[in-house]
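K.L.:
The structure under discussion is supplied below as structure tokens; questions concerning it will follow.
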Ligand code: AHR
């Protein structure tokens, strides 16, 4: 039988061991020595559809508006998106793209025909925001345009004409028309979607049929065009398999994937007034992006081991019930700390899989779904999602540093999700950035980050709030915004970080 000193010694050992175990549960190890790749800035892309108040009443207020604008586009939105470093913008849809005839949106505005926006609220679309408006706006933003072509109700000729209209420098019927409409030089649009959700609103096609349709359309899209095939709906792995098998690699540059963080399509729940259970379910759907990216990538690897084709997640984000009292077809929802968690977790997934995920588009930029900007008359607010994307823009075009994350779980009623996720990169100036997310609704996490290299300073910013349901509003526009982070200590190439519940932290090491 051990005496009382031995017993005390043994129990101290136990304490040390359990403290070590607790620390080891939350450890992020950087591997700067591992071979890696650039995080394509296009992962931080956005999406603007003719839907609700995204374009009309959002970006575009028209050139007679009292709201300060450049050619009808709000100056405050331009400034906010420039600050975000939006690398690319997808337009005009979404489902709308497969009803859109681009020639309706060129020439004198008072001569443009109207159509009915059958997908979104059945409102009349007057086509006052068209190709020139969008492409000039992208120039103003410094963002690359990503045009989604109409395959569902358009023709091969129509899409091939659009390519010639916006891209051809010499003399041709379409470039002559462009010049008559006031634009001499082509815009040189590189990114082209060949339809949208061909399995659904884009035509309810089978993958075998769409693969052939894609081949036909791509054949007539001339010049330097990066052609993106309409991709799978979430876990429809067969869609990816059939497309990769049947489309020759030389015709295909990108394959899309759409996945929304949704609790249940029939019971999406309120955007602000949600329970912890609903939060957990939303996060489960958001975290599922990791499985989706891995499994779609594995299929792509079989047909394209050199990873020539990019996985383009051109629609992602949280989707809830529309705000009470708003048009159900306009998909307007508020944006809370839950959305900040979706953004942080998802962007970490994309960064860590940037060998294959080389483009992505959050749905949608202004006033629709997981928006980064909300407007009301003259007012504009930045959402928590905006702030996460701004904090993370340090990763754009930086070199990925692979990370190992050891984390315990966020547990809710016996179900579990990994609490802490991370990604890291080194930028051109030599600074290393680490983004850390703790999705736990209640528990803080103390994390040790083994940096794998020598640094002399650590600084950081944090986005957090008192309640998960907190949001920015037109009466309290700055309730949630990033502030300096003080809970990071650097010692012997290790950073110790205290992450509050449901928080996002981005550290800078020099
Ligand atoms: O982003 C809203 C809609 O969601 C898009 O129009 C469509 O592609 C998707 O189903």
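K.L.:
I'd like the full set of residues that are without any contact (Cβ under 8 Å) to a residue 60 or more places away in the chain and surrounded by 15 or more Cβ atoms within 10 Å (Cβ to Cβ), limited to the stretch 234-248.
P.N.:
234, 236, 239, 241, 242, 243, 246, 247
K.L.:
Name the strands (runs of 3 or more DSSP E) wholly within the stretch 382-495 that hold at least 1 residues that are over 14 Å from residue 27 (Cα atoms) and in contact with a strand residue (DSSP E or B) (Cβ under 7 Å, 6 or more places away or on another chain)?
P.N.:
It comes to 399-401, 409-412, 415-418, 420-426, 432-438, 458-463, 488-491.
K.L.:
Further, regarding this structure: Please name all residue pairs, on different chains or six or more residues apart, with Cβ atoms under 7 Å, provided the first residue is in the stretch 344-370 and is assigned by TED's automatic domain parsing to the domain that holds residue 308 and under 17 Å from residue 387 (Cα atoms) and the second residue is away from the ligand (no atom under 16 Å from the Cβ) and in a loop (DSSP other than H, G, I, E, B).
P.N.:
Here the result reads 345/439, each pair linking the stretch 344-370 to a residue that is away from the ligand (no atom under 16 Å from the Cβ) and in a loop (DSSP other than H, G, I, E, B).
K.L.:
Does the stretch 245-270 hold any residues that are within 15 Å of the ligand (Cβ to nearest atom) and assigned to a loop (DSSP other than H, G, I, E, B), and which are they?
P.N.:
Passing the criteria: 262, 265, 268.
K.L.:
Still on this structure, I have one more. Here is a list: 333, 323, 370. Which entry is in a loop (DSSP other than H, G, I, E, B) and either modelled with pLDDT under 95 or within 12 Å of the chain's Cα centre (by Cα) (or both)?
P.N.:
Sole residue among the options that is in a loop (DSSP other than H, G, I, E, B) and either modelled with pLDDT under 95 or within 12 Å of the chain's Cα centre (by Cα) (or both): 370.
K.L.:
Among the residues of the stretch 51-82, which ones are within 16 Å of the ligand (Cβ to nearest atom) and in a loop (DSSP other than H, G, I, E, B)?
P.N.:
51, 52, 53, 54, 55, 58, 59
K.L.:
If you don't mind, another one. Restricting to the stretch 33-50, what's the tally of residues that are more than 16 Å from the ligand (Cβ to nearest atom) and modelled with pLDDT of 95 or more?
P.N.:
Residues flagged as more than 16 Å from the ligand (Cβ to nearest atom) and modelled with pLDDT of 95 or more within the stretch 33-50 amount to 8.
K.L.:
Out of 170, 182, 152, which single residue is assigned to a loop (DSSP other than H, G, I, E, B), in the same structural domain as residue 368 (by TED's automatic domain parsing) and under 28 Å from the mean Cα position of the chain (by Cα)?
P.N.:
None of the others qualify; the one that does is 152.
K.L.:
Considering the stretch 330-342 alone, what residues qualify as being within 16 Å of the ligand (Cβ to nearest atom) and surrounded by 24 or more Cβ atoms within 10 Å (Cβ to Cβ)?
P.N.:
Scanning the stretch 330-342 gives 331, 333, 335, 339, 342.
K.L.:
Does at least one position in the stretch 306-313 carry a residue that is outside any loop (DSSP other than H, G, I, E, B), more than 23 Å from residue 148 (Cα to Cα) and within 16 Å of the ligand (Cβ to nearest atom)?
P.N.:
Scanning the stretch 306-313, I find no residue that is outside any loop (DSSP other than H, G, I, E, B), more than 23 Å from residue 148 (Cα to Cα) and within 16 Å of the ligand (Cβ to nearest atom), so the answer is no.
The values are calculated or read from the model by the stated rules, or taken from the named source; none is laboratory data. Because the structure is a prediction, the values reported are computed rather than measured. Note that we place each Cβ from the backbone using ideal geometry, even for glycine, and neighbour counts take in every protein chain shown.
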